[in-house]
Amino acid sequence: MTIAVFLVPLLGAMAIGMPIAYALLLCGAALMVHLDLFDAQVIAQNVINGADSFPLIAVPFFMLAGEIMNTGGLSRRIVAFAMALVGHIKGGLGYVAILAAVILASLSGSAVADAAALAALLVPMMVAAGHDKARSGGLIAAAGIIAPIIPPSIGFIIFGVAANVSITKLFLAGIFPGILLGFSLCIAWWWVVRQENVAPPPRRPAREVLHAFLDALWALVLPGIIIFGLKFGVFTPTEAAVVAAVYSLVVAMAVYREMGLADLYHVFLTAAKTTAVIMFLVAAAMVSSWLITIADLPGELTGVLEPLMDSPTTLLLAIMALVVVIGTAMDMTPTILILTPVLMPIIKQAGIDPVYFGVLFIINNAIGLITPPVGTVLNVVCGVSKISMEDIIKGVMPFMIAQLAVLFLLVLFPSLVTVPAKWFAG
């Protein structure tokens, strides 16, 4: 009964188009009434406490860093470097998109920002080269969701705060799985373009490759700074976000000189709007999170999943299947905020490493960004590239299957996450 009281107002409010943050507050209030605990002051206190978190300061700074990179020419130079490096291979523009997405993922942590930038730059070039437009858009959408996996990752920050798990450990554990997702896209792209008759551009001379590398060097240095700082304890993830934003701003304005003082207002405003949406969701979710604990919803769900508790692999497969289904109807941030307090007690009781689960959970939620009909990244690429939703769903399908296969492998072989994580952590 308690689960129904939680889900019916939440899903009903979403069905009539209510913003998810307000839907979370509504279902929280419904739970309070059901438990005979209704108190408006408690709701207000939990909303304030939900946003009052030092690690969450990283969110606006990483969002700002992503906006600066797109406006200040850092993203464009990374694409140019990838083009010079692998553009001459058969289907080379697809590999350029994947390589650029992996590099951009290590800079911004925002799937939407990365996918929008890559779609604007590369889809017209891929279509002009003779590639199918929907397939090109699908590849870029799938490549864009690597951003929440490779550090810095806004998804890991939100999960780490909600689950009380080390964000630094999550960051370092996400590096190899993120690269593995990129590799799976390379395989899928090779498979779908092997029959295409698209002539790749000629190989760039070594001098041009070196020139493109040097031009992008200032942008390429940033991931190294962040990983080095996290690995050796120079700064926390929150401080890393500030470093990323300030570094990007200095490079964009003083080195590349593609962003002036007049651009700052637009950049700050865009980052602030996106941050406000995320932070309001986090704050509203704290009400539901508190009530989920009070109502013992994890205990009820544990009873349902108890037959699977003796087999962590089977339990993880069931949870991942559930999250895939939820991802078709709900965006990444609310899914993390709603499910994390419900699932974490079960994960701990089953003896599963919370960091390992966090990586799987965020990968699964990232894939949800390209699952129709709600997939945010899919909608962004549709809008930027002028592709219909029906066409891009067909185009993204081979790449989504490849990424789901990687998720399946990570569930079956936990060492693919845990061993590289320990190595990166030293």
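The values are calculated or read from the model by the stated rules, or taken from the named source; none is laboratory data. Computed from a predicted structure; not experimentally measured. Cβ coordinates were reconstructed from backbone atoms using ideal geometry, including for glycine residues, and neighbour counts include every protein chain displayed.
So which of 392, 352 is in contact with a helix residue (DSSP H, G or I) (Cβ under 7 Å, 6 or more places away or on another chain) and within 22 Å of residue 117 (Cβ to Cβ)? Unique residue meeting the criteria: 392. Of all the listed residues (43, 48, 20), the sole one being crowded, with 21+ Cβ neighbours inside 10 Å, outside the structural domain of residue 283 (by TED's automatic domain parsing) and under 18 Å from residue 283 (Cα atoms) is 20. In segment 297-311, the condition of being out of contact with any Ser or Thr (no Cβ under 8 Å at 6 or more places or on another chain) and at pLDDT 80 or above is met by at least one residue. For segment 141-172, the candidate set comprises residues that are part of a helix (DSSP H, G or I) and among the β-branched types (Val, Ile, Thr); within that set, the residue that is farthest from residue 101 (Cα to Cα) is 161.
Among the residues of segment 103-112, those that are crowded, with 24+ Cβ neighbours inside 10 Å and either charged (D, E, K, R) or closer than 14 Å to residue 141 by Cα (or both) comprise 104, 105, 110, 111. Of the residues making up segment 37-63, those that are of a type outside the set (A, V, I, L, M, F, W, C), in a loop (DSSP other than H, G, I, E, B) and either more than 18 Å from residue 156 (Cβ to Cβ) or more than 24 Å from the chain's Cα centre (by Cα) (or both) are 39, 52.
Listed here are the residues, each with its yes/no results for (1) outside any helix (DSSP H, G or I); (2) in contact with a strand residue (DSSP E or B) (Cβ under 7 Å, 6 or more places away or on another chain); (3) modelled with pLDDT under 90; (4) not assigned by TED's automatic domain parsing to the domain that holds residue 78.
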residue	(1), (2), (3), (4)
245	no, no, yes, no
250	no, no, no, no
259	yes, no, yes, no
264	no, no, yes, no
269	no, no, no, no
272	no, no, yes, no
281	no, no, yes, no
284	no, no, yes, no
288	no, no, yes, no
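Within the option set 116, 120, being assigned to a helix (DSSP H, G or I), surrounded by fewer than 24 Cβ atoms within 10 Å (Cβ to Cβ) and more than 16 Å from the chain's Cα centre (by Cα) holds for one residue only, 120.
When the residues of segment 69-86 are filtered to those that are within 11 Å of residue 104 (Cα to Cα) and not aliphatic (A, V, I, L, M), the one that is surrounded by the fewest Cβ atoms within 10 Å (Cβ to Cβ) is 76.
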